[in-house]
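Student: Right, I'll just put the structure down here and ask away after.
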């Protein structure tokens, strides 16, 4: 009798195992959202910032990648530094900082307000700039440009 009982139990287990086995498996992903890649959030907290945050993300059905960085605007930084120097009363230093951009230097020279250089201002500064970069003057005023002599009442050795 014990043998018959064991045969029935083993038979039931084999039938259950055989009926639980499927020949094929189909997984349907229709309607499921793809995995997401979320780009990092970067905030400047103000409109008075010289940095521009840039971020992005790409996602496929298998993997996602995201990243970001901050781009610094050098001219914006220069303007802020020049304004701070001017506010502290360092007007010539502020002007010298702005004159680091050649476009500003050209505008200053064409207006007759010369960029300071080496502690010199006015005609003395213009003469120093001409000795340093005569090609800049030729570009602005033509190939035949020669630095004119200052008016007789100007003492260029003291920079006034």
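Each value in this text was obtained by applying a stated rule to the coordinates, not by laboratory testing. Given the structure is predicted, the values throughout are model-derived calculations rather than measurements.
Student: Would you mind computing the Rg to Rh ratio of the stretch 37-140 from its alpha-carbon coordinates, Kirkwood style for Rh?
Tutor: Using Cα coordinates only, the ratio equals 1.26.
Student: Can you report the principal axis dimensions of the stretch 102-160 using only the alpha carbons, biggest first, rounded to whole angstrom?
Tutor: 28, 22, 20
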